[in-house]
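Here, each number is a calculation from the coordinates, and none is a lab measurement. Bear in mind that the values here come from a model prediction, so they are computed numbers and not experimental data. Note: ideal-geometry Cβ built from the backbone for every residue, glycine included; neighbour counts use all protein chains shown.
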Amino acid sequence: MAKSIEELRAIREKMRDQIDLRHKDENNIRVVVGMATCGIAAGARPVLNAFTEETRKRNLTNVTVGQTGCIGLCQHEPIVEVFEPGKEKVTYVAMTPDKVARVVLEHLVNRNVVAEYTVGSLDTLK
Amino acid sequence: MKELSLHILDLVQNSLRAEAKCIQISVKDSVSEDVLEITIADDGYGMDAALLARVTEPFVTTRTTRKMGMGIPLFQMAAEQTGGSLSIESTPGQGTTIRGIFARAHIDTPPLGDMVETLVTLVQGAPDVDFLYRYETDTQTLTFDTREIREILEDVPLNAPDVLHWIRGHLQEQEASIENEMR
């Protein structure tokens with residue numbers, strides 16, 4: 001436990017530096033995961049935690065991950081919305097932790113939307 | 001919901017919507033009493049008697065976007081299926097306590113599931129709210145208190161990615177030590 005608390009103090013010092021950086025970055029991306037009853041039952045919890053872990057591992061300090069309530073397309077949960085400044089919102093549906101890894105790499109890092117996971121790819125909505 | 005920990009994650013959203021600042025989650029997991037008891041006590045704005053009488057109905061919600069609220073009815077159904085029960089107490093201005101009691105050995109009692117992921121998710125979504133978790137078996141107790149972590153972190157938010165990673169590791173370590181001693 002003592003070692004563990006030391007680790008937490010070290011994180012505090014590291015984060016203080018990063019928070020300063022974050023404010024300067026105008027290239028922020030916001031990722032929002034639907035976390036209402038429908039989302040949770042469909043598997044939103046591992047999807048959210050995959051986003052926080054993947055962005056942490058890749059040190060994507062310009063990405064913030066948030067939670068929201070029911071987005072209104074319960075049958076397509078888990079739903080994830082990605083907001084990039086100056087671009088239209090992208091809505092991903094039926095997300096899984098495996099899909100998250102790909103969205104983080106292709107969309108959040110390389111800035112290419114993973115079209116086949118988006119709400120626009122659903123046959124029922126075409 | 002496949003796990004009780006997912007019900008907990010869902011029910012705490014009600015506490016957050018009620019602007020709770022401190023949420024206590026207790027799990028009593030007793031083989032000797034054959035009981036799995038989940039209690040969520042918050043200091044949010046509470047409910048008046050009229051709303052309290054109706055919250056177990058599936059189409060009651062304070063949300064204005066759509067008239068559906070399934071969280072409490074699903075939890076109640078899950079508890080009652082095992083011969084258990086649900087109770088809710090609430091005082092306007094003081095808070096709400098919801099408790100579900102399950103017969104632990106009943107075939108329909110879902111596993112508690114991954115409480116570590118539920119707690120990490122809650123802290124991620126509400127870093128300014130304090131969460132107190134207590135898990136108690138016949139012989140062991142695990143506790144988690146974000147106030148202690150906040151004291152060490154000072155001005156650094158609890159949902160910073162490295163902090164969440166630390167919390168996950170810390171909780172997993174504690175869970176593992178409990179499991180080892182139970183063997």
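List of remarks:
- Value of relative contact order over the stretch B:108-173, rounded to a whole percent, pairs C-alpha under 8 Å and six or more apart: 34
- Averaged over peptide A:37-45, the number of partner chain Cβ atoms lying within 10 Å of each residue's Cβ comes to 6.
- Per residue, the Cα convex hull of chain A amounts to 121 Å³.
- Relative exposure of B:His165, B:His7, A:His76, judged by other C-beta atoms within 10 Å (fewest first): B:His165, A:His76, B:His7
- Expected 222 nm ellipticity per residue - DSSP helices of 4 or more, -39500 (n - 2.57), all of chain A, to 500: -12500 deg cm²/dmol
- Fraction of antiparallel bridges per DSSP, chain A only, in percent to nearest 5: 55
- Over 29 Å (Cα to Cα) - which of A:Lys57/B:Lys28; A:Lys57/A:Lys87; A:Lys99/B:Lys2 fall in this group: A:Lys57/B:Lys28
- Neighbourhood net charge (9 Å Cβ-Cβ; Lys/Arg +1, Asp/Glu -1) for B:Ser30: -4
- Share, in percent, of DSSP beta bridges within the protein assembly as shown that are antiparallel, nearest 5: 75
- When cysteine pairs in chain A are screened for C-beta atoms closer than 4.7 angstrom, the residues that find no partner are A:Cys70.
- Peptide B:140-153 has a mean shielding of 1, counted as Cβ atoms of other protein chains within 10 Å of each residue's Cβ.
- Loop-located GluC sites (Glu not before Pro) in the stretch A:81-122, at most 13 other Cβ atoms within 10 Å (DSSP): A:Glu88
- Relative contact order (percent, whole number), chain A, Cα cutoff 8 Å, 6+ residue spacing: 25
- Per-residue mean of foreign Cβ neighbours for B:158-168 is 6 (Cβ atoms of other chains, 10 Å radius).
- Sparse-neighbourhood loop sites, trypsin sites (Lys or Arg not before Pro) in the stretch A:56-102 - DSSP loop, at most 15 other Cβ within 10 angstrom: A:Arg58, A:Lys87, A:Lys89
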